[in-house]
Protein chains: 2
Amino acid sequence: MPCTKSTSKPHPLDSLSTDEVIQTAKLIRESKEDSKFVFNTITLREPPKDIMMAYLGWDKETPKPETVERESFVIIIERPSGKVYEAIVSLTDNKVKSWMHMEGVQPIITFDEMAEVEELINKDPKVAAECAELGITDMSKVYSDPWAIGRHVDGAEKRVMQGLMYYRLSEDDNQYAHPLDFVPIIDLNQMKVIDIERIAPRDSKFKRPTIPMEPHNFYPEFLGEENLRKDIKPLIVQQPEGVSFKVDGNEIDWQKWNLRISFNYREGLVLHNLNYQDGDEKRPLFYRMSLSEMVVPYAEPGAPHYRKHAFDVGEYGLGLSTNSLALGCDCLGTIHYFDAVFNDASGRPFVVPNAVCLHEEDHGILFKHTEYRNGRAHTVRGRRLVISHIVTVANYDYACYWHLYQDGTINYEIKATGEVNTHVLAEDETPGPYGTMVAPQINAQHHQHFFTMRIDPMVDGLKNSIAQVDVQAVEEPVGHPNNMYGNGFYPKTTVYKDTLEAQASSNFDTARFWKIINPNKLNPRSKDPVGFKVVTHSNSPLFAKPGSIVHDRAGFASKTVWATPYEEDKLFAGGFYCNQANGEDSLPQWTKESKSVENTDIVMWYTFGVTHLVRVEDFPIMPVESCGFSMKPSNFFTCNPALDVPPTTKSINKSVHAFKSDDDDSCCNKSAPIAA
Amino acid sequence: MPCTKSTSKPHPLDSLSTDEVIQTAKLIRESKEDSKFVFNTITLREPPKDIMMAYLGWDKETPKPETVERESFVIIIERPSGKVYEAIVSLTDNKVKSWMHMEGVQPIITFDEMAEVEELINKDPKVAAECAELGITDMSKVYSDPWAIGRHVDGAEKRVMQGLMYYRLSEDDNQYAHPLDFVPIIDLNQMKVIDIERIAPRDSKFKRPTIPMEPHNFYPEFLGEENLRKDIKPLIVQQPEGVSFKVDGNEIDWQKWNLRISFNYREGLVLHNLNYQDGDEKRPLFYRMSLSEMVVPYAEPGAPHYRKHAFDVGEYGLGLSTNSLALGCDCLGTIHYFDAVFNDASGRPFVVPNAVCLHEEDHGILFKHTEYRNGRAHTVRGRRLVISHIVTVANYDYACYWHLYQDGTINYEIKATGEVNTHVLAEDETPGPYGTMVAPQINAQHHQHFFTMRIDPMVDGLKNSIAQVDVQAVEEPVGHPNNMYGNGFYPKTTVYKDTLEAQASSNFDTARFWKIINPNKLNPRSKDPVGFKVVTHSNSPLFAKPGSIVHDRAGFASKTVWATPYEEDKLFAGGFYCNQANGEDSLPQWTKESKSVENTDIVMWYTFGVTHLVRVEDFPIMPVESCGFSMKPSNFFTCNPALDVPPTTKSINKSVHAFKSDDDDSCCNKSAPIAA
């Protein structure tokens, strides 16, 4: 049952339905009949955590509230004044509860604005003149990717965007093979082109670049069906007895996991109330987890490239950028989809069907041991639950996957794909060390991708701490009684006391990782605080210097881990009004003063990412580059929690031999001697 | 067709057949009729690289040799003298070509010896006396895991082993829940127990530990079928038209990949002659790749635990330790297996059926881009070829996977599973910082796993170099003309000149990675040398101190990357005679003097691994812990080499909806608007 069509009373954490978007816009319009509004965003205002803890049953002291007020949160831009307003609407009481004019801020850029801007640019005579000089007469072949401005001279007073310009040989031609060398700047409230910046070659000896006209495409009709590989045989994943998960609205049950999901314009997919059935006990793990912000800074120091550091969550809305997924393409097997609901500029709802994909995957061996003496092999295969969505932000595409495993592991993976951003070079000009020439005159600039997770834990309760674990050799030299043979090493654990301590980066030399622990509960076996370890396989420093625009705005990406005490309104590492902001209201600012993060209700901010030095192989479309992080129970359970997963056999999974008849009767826990 | 039954003439790189093992042993016995031999190992002596380069057609100057001589390499131990001999047998000429007595070395420990040792220990009166003191009267319930001795006081003169002792409540009971507190030392040539070491608690205040008798099992018969999860629905992978790969003996063709495999007692699976079809050109990539050595040092500084640092390749033979795989358990879907052939102590061959698994897997999205303007989504799913085997070394099990991808990526993954090594604690004794108490009195000591790969490249030819790439911010401060906005960064590339330079570890601060390049060939697009980048997601420093026994013996694990000029007989980072060795003949020694590794025939030694701080969740059987490394074409091709992979659709892969009838007609490159 897709979340948008649930006829039953919505759960307090359910995203707004189409009806609720309509109701919200109606109330806003009625309350301000005289103004011309652009509805920027209409979204659920999530109920306060304390109310939800009681509602969800974790707070045993407080009785479960009969009802929880449904509220929507609205951002409106008044035209032509450009004034930004915040409104809170009570859907329960059917009234506008609050209305506030916000000074000097700019909310996210919407698709409606992007469409308007691209149309505007193509009609602009100054743009036409630039194109004419490049030999372009047919403006219908000119395309502009509307990008946020980064930091603008006027700060956030004006609502401003930049257009990255491209040419297409035909409607479906790959424009990134034909970049143009100028950037129009647009005032979104006046809706006019206020400036055009020419991108000069790094060296003045080069004359203005021509447009590279060589086509570089990836659609089959360009490659020719006859040139596609013919030797890939079909691979089919079947679940004849159906899936192992249950879905009720937005609540998901799978194996011993239980959670809810929601989907909003900003973060996209959000996981709520993750808990795990441990014997008779339902144990709370995480109250809320989402991708809080991301940033993609580019390496090229020249103007205007320094402006390219997209905040795909805070500037465009990662949720708003989500794809409608197709069965058998984005995910394989037996799939359940959830839709997503957003609003357009006029306040009308629109639905993205199949926004979220839910399915199961075989995940290979979960555990195995062979008794070498008699060859008895005990092999148990693992399963994972995958909750995913895929977003497109202009040239780039990000596939985002939450994975839940039977052993209590949680994994989040992002696969970066799509098209690398390109810049035109003059003939004989080179990218220097800042990019790769992927084709004549086409410079794909190096860049980084940072993804900052907001992890709101409730590991056996809300009072949690974060421990940094550094492994080190025993201090004493070889031969010392404490380290006679020199092999000794041990983990050094530092529990963060406050926000100033809780700012750390990865460290190879100490194999550093982190734990979210509950200091109030010890593991009965190990006597350690119960916890989840947080590990990543993809970290990178932020190479932009302190004092740079990127570093000011994306300081949150300069550390791997931050911790803050829980605060209702602090959801986004780059600040709520991230677009055109200067970082004044972002994670590094929130943590400038000491606040306790020990044994209290905390939020962990975790950043992973990749430094992407572009390869020629990333053009014209980029094979997925994967990164992510994992959380594993660490002395949380009293033994391997997947111990009760039964082995599978070929009688169940129908595995067969490739080149001979299936005459092999061994199965996963029969004896198959190692040595005959 | 399994490699052992190939009736056709063997390829020069094929492992020995059963007949060839028989022929070898016969020739050896006939040539030394008067002696009593233990056949340690009989294996293929691979032909010289220069001959093979001509045979494989890469050396265009030299004509392909009509025949290549088949040779076997034999290690023999004379009893009771314990003298070690090396012999080379020509199978082609049916004669023993060479015979050499090797002073002061010890070859690997064999299963025959392990069986002998365990029997010996259980019959030994001193062992019985130790057991009696612990209250054990039934010696049939006492088990010993035979471990290599590490470094012994007498060096490698005596052939010595240690037995780690356990008790079982019943034949299939998990012995690691009942560790004993003493270690018999065995002379393998005399076949007698020469010493028994009592493991004293760290603090003398504790009296001798009793045996923990609480059972901790994972076999279904112990858990009770009724307690296993019932809610996992079958998941079936089908390839109705068969697999996409071709197998001819040990040669594998898949997509544009071509390679050969072999399997030996030491490294197990070896990949030979990897090459890739790029348009009309067949391009050589790697001559030979294998897991050269591994080491598992433990953290506990006390005696005799410091001895626990298993070299599972060089001490036991990773190939010899391989499992016979079962259809539908170890791998899912449509499988082809290869057998492996070894020898027993008497020189008789034995076959491990299904030693190597070959199959295909769906690998999710290979690349995708959605045109946000019209919602046209182009989604291409990826496939990978998996070549794997699984080894068991006493308590631990390692599943080893080579993955080949359609975009030219090569990945090697090791999943560590099985049972953590346990040590008994006295009542009230704690593991200190060196381990985790996974159950009362059971200390699972922290440890590390290092895996050192030998990568013998031929990237577009044998003359290759290794480049270290360090990313760094532009030096100039913010505001300087070269870094006006402070965002500038670039990769700094250092091409290693010699063996002294080519010793480096991972570096988080510079997002360091490495490239294997061919400086003699530039990418026509980027003008960079063609190459493959080498990246890992799992590195850890070796925490054992320089001067420690582990560091002396496993110095190869103290760096991430080493390079050496190609040398025929240097295959094993820990030395050929690793067992009881002191590291005198290991990688760090080979690289003490400067030898050129630039633009020549080189070998790259690459180490990855994990620091395993044991969790309670790792007991009584450990969920897989994954680590590995990848190699990606980096400016090797002129575009994304997977561009010609066609999209799949639900009409091909039969994906279905979980809870509704399949009424969704969108497919991977039809339009599915992002915003309705």
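The values are calculated or read from the model by the stated rules, or taken from the named source; none is laboratory data. If you're wondering where the values come from, they're calculated on a predicted model, not measured in any experiment. So basically every Cβ, Gly included, is an ideal-geometry build from the backbone, and we count neighbours across all protein chains shown. SASA here: full protein model, heavy atoms, side chains in, ligands and nucleic acids out. Shrake-Rupley method; radii C 1.70, N 1.55, O 1.52, S 1.80 Å.
Given label points at 7 Å from Cα along Cα→Cβ, what nm distances, shortest first, separate B:Pro519 from the same residue in every other copy?
Label-point separations across copies, in nm and ascending: 5.6.
Assuming R0 = 25 Å, can you tell me the calculated FRET efficiency for the pair A:Asn94 and A:Lys246, based on Cβ-Cβ distance, to the nearest 0.05? The partial results should precede the final answer.
Numbers: r = 34 Å, r/R0 = 1.34.
Given R0 = 25 Å and the Cβ-Cβ separation, E is 0.15.
Any idea how far the Cα center of the stretch A:514-593 sits from the one of the stretch B:84-120, in Å?
Measuring centre to centre over Cα atoms gives 58 Å.
What full-extension length gain, to one decimal in nm, is calculated for A:Glu214 and A:Glu593 as 0.36 nm per residue of separation minus the Cα-Cα distance? All intermediate terms of the calculation are to be shown ahead of the outcome.
Working: separation 379, 0.36 × 379 = 136.44 nm, distance 5.51 nm.
The A:Glu214-A:Glu593 span can extend by a further 130.9 nm.
Which of A:Lys660/B:Lys246; B:Lys282/B:Lys521; B:Lys83/B:Lys192; A:Lys515/A:Lys559; A:Lys308/A:Lys592; B:Lys559/B:Lys592 have a Cα-Cα distance over 21 Å? Numbers along the way, then the final one.
Details: A:Lys660/B:Lys246 14 Å; B:Lys282/B:Lys521 15 Å; B:Lys83/B:Lys192 17 Å; A:Lys515/A:Lys559 16 Å; A:Lys308/A:Lys592 27 Å; B:Lys559/B:Lys592 14 Å.
Result: A:Lys308/A:Lys592 exceed 21 Å.
Which of the peptides B:211-221, B:370-380, A:425-435 is most tightly packed, and how do the rest follow, going by the mean number of other Cβ atoms within 10 Å of each residue? Mind showing how you got there, number by number?
Values: B:211-221: 15.9, B:370-380: 20.6, A:425-435: 18.1.
Order by mean packing, descending: B:370-380, A:425-435, B:211-221.
How many partner chain Cβ atoms sit within 10 Å of a residue's Cβ in peptide A:356-368, on average, as a whole number? Walk me through the numbers before you get to the answer.
Numbers: counts 0, 0, 1, 2, 4, 3, 7, 1, 12, 12, 5, 12, 14.
For this peptide, the per-residue mean of nearby foreign Cβ atoms is 6.
Grab the DSSP H runs of chain A that are 4 residues or longer, score each as -39,500 (n - 2.57), total them, divide by all residues and round the 222 nm result to the nearest 500 deg cm²/dmol.
Numbers: 8 runs with 60 residues, N = 676.
So the helix-based figure for chain A works out to -2500 deg cm²/dmol.
Hey, what's the Kirkwood Rh for the protein assembly as shown if you take every pair of different alpha carbons, in angstrom?
Values: mean 1/r = 0.0304 Å⁻¹.
The answer is 32.9 Å.
I'd like the Karplus ³J(HN,Hα) series for the stretch B:454-467: coefficients 6.51, -1.76, 1.60, θ = phi - 60°, whole numbers in Hz, and an x wherever there's a Gly or Pro.
Listing the rounded values in order: 9, 10, 9, x, 9, 5, 6, x, 7, 7, 10, 9, 10, 10 Hz.
Can you list the residues, at least 5 places off or on another chain, whose amide H is less than 5 Å from the amide H of B:Gln406, using H built in the peptide plane?
Distant-sequence amide H within range of B:Gln406: B:Arg383.
Over chain B, with every protein chain in place, what whole percent of the accessible area is carbon and sulfur at 1.4 Å, could you tell me? Display every interim value, and only then the final one.
Numbers: 11530 of 22280 Å².
Carbon and sulfur atoms account for 52 percent of the accessible area of chain B.
Evaluate the distance, in nm, between pseudo-label points positioned 7 Å from the Cα of B:Lys205 and of B:Asp172 along their respective Cα→Cβ axes.
My value for the distance between the label points is 4.4 nm.
Once you average over the residues of B:409-417, how many Cβ atoms of partner chains fall within 10 Å of each Cβ? Before the final figure, lay out the partial values.
Numbers: counts 3, 0, 0, 0, 1, 0, 5, 0, 7.
Mean partner shielding for this stretch: 2.
List, in order, the whole-Hz ³J(HN,Hα) value for each residue of the stretch B:386-401 obtained from phi through the Karplus relation with A = 6.51, B = -1.76, C = 1.60 and θ = phi - 60°; use x for Gly and Pro.
Karplus values, whole Hz, x for Gly and Pro: 10, 10, 9, 8, 10, 10, 10, 10, 6, 7, 8, 10, 10, 9, 10, 10.
Compute the length gained on full extension between A:Ala129 and A:Ile194: take 0.36 nm times their separation in residues and subtract their Cα-Cα distance, giving the result in nm to one decimal.
Using 0.36 nm per residue and subtracting the Cα-Cα distance, I get 21.9 nm.
For the pair A:Leu500 and B:Lys83, how long in nm is the line joining their label points, each one 7 Å along Cα→Cβ?
Going by the 7 Å Cα→Cβ label model, 7.5 nm.
Between A:Asn227 and A:Glu33, what FRET efficiency comes out of the Förster formula 1/(1 + (r/R0)^6) with R0 = 60 Å and r the beta carbon distance, rounded to 0.05?
Values: r = 60 Å, r/R0 = 1.00.
The calculated FRET efficiency here is 0.50.
Would you please put A:602-613, A:16-27 in order of how densely packed they are, using the mean number of other Cβ atoms within 10 angstrom per residue and starting with the highest?
Values: A:602-613: 24.4, A:16-27: 20.4.
Highest to lowest by the protection proxy: A:602-613, A:16-27.
Hey, what's the stretch B:18-102 come to in accessible area per residue, 1.4 Å probe, Å²? Don't skip to the end; give the middle numbers.
Values: 4290 Å² over 85 residues.
Counting only protein heavy atoms, the per-residue value for the stretch B:18-102 is 50 Å².
Going by accessible area, probe 1.4 Å, with all protein chains left in place, what is the ranking of A:Lys592, B:Lys49, largest first?
Details: A:Lys592 130, B:Lys49 5 Å².
Sorted by accessible area, descending: A:Lys592, B:Lys49.
Where the centre of each part is set by its Cα atoms, how far does the stretch B:17-82 sit from the stretch A:1-80, in angstrom?
76
For chain A, what number results from the quotient of the Cα radius of gyration and 2.2 N^0.38 Å? Let's see the in-between values first.
On the way: Rg = 27.1 Å, N = 676, 2.2 N^0.38 = 26.2 Å.
Compactness ratio reported: 1.04.
Around B:Glu71, which amide H atoms from residues at least 5 apart in sequence, or from another chain, sit under 5 Å from its own amide H, with H modelled in the peptide plane?
For B:Glu71, whose amide H was placed from the backbone, the distant partners under 5 Å are B:Arg45, B:Leu91.
How large is ³J(HN,Hα), in whole Hz, for each residue of the stretch B:598-605 in order, when computed from phi with the Karplus curve 6.51 cos²θ - 1.76 cosθ + 1.60 and θ = phi - 60°, using x for Gly and Pro?
Each residue of the stretch B:598-605 in turn: 9, 6, 8, 6, 10, 10, 9, 10 Hz.
Provide the FRET efficiency to the nearest 0.05 for the B:Ser651-A:Ser346 pair, computing r from the beta carbons and using R0 = 51 Å.
After rounding to 0.05, the efficiency reads 0.85.
Roughly how many debye, to the nearest 20, is the charge dipole of the protein assembly as shown about its Cα centre, given +1 on each Lys and Arg Cβ, -1 on each Asp and Glu Cβ, and no other charges? Kindly include the intermediate steps, with their values, before the conclusion.
On the way: 140 positive and 188 negative charges, 99 e Å.
The dipole of the protein assembly as shown has a size of about 480 debye.
Treating the angle as unsigned and between 0 and 90°, give the value, to the nearest 10°, between the Cα long axis of helix B:18-31 and the longest Cα principal axis of chain B.
Once rounded, one gets 50 degrees.
Below 8 Å between Cα atoms, with a sequence gap of 6+, how large is the relative contact order for chain A in percent?
On the way: 1561 pairs, mean separation 90.9, N = 676.
Here the relative contact order equals 13 percent.
Report, to one decimal in Å, the Kirkwood hydrodynamic radius for the stretch B:325-398 based on all distinct Cα pairs.
Over the stretch B:325-398, the inverse of the mean reciprocal pair distance is 15.7 Å.
Using all Cα-Cα distances in the stretch A:18-102, what percent lands in each 5 angstrom bin from 0 up to the longest?
3, 14, 23, 19, 14, 10, 8, 5, 3, 1, 0
If you take the accessible area of B alone plus A alone and subtract the pair, what total do you get in square angstrom, rounded to 100, with a 1.4 Å probe? Show your work: numbers first, answer last.
Numbers: alone 30470 and 30490 Å², together 44580 Å².
About 16400 Å² of accessible surface is lost on pairing.
Could you work out the relative contact order of the stretch B:268-348? I mean the mean sequence separation of Cα pairs under 8 Å and 6+ apart, divided by the number of residues, in percent. The partial results should precede the final answer.
Values: 70 pairs, mean separation 16.7, N = 81.
With pairs under 8 Å counted, the relative contact order is 21 percent.
Counting only other chains, and only Cβ atoms inside 10 Å, what mean value do you get across the residues of A:526-538?
Working: counts 12, 3, 4, 0, 1, 1, 0, 2, 0, 2, 1, 7, 3.
Per-residue shielding by partner chains comes out at 3.
If you take the charge dipole of the protein assembly as shown about its Cα centre, with +1 on Lys and Arg Cβ and -1 on Asp and Glu Cβ, which of B:Pro491, B:Pro349, A:Leu16 is farthest toward its positive end?
Of the options given, the answer is B:Pro491.
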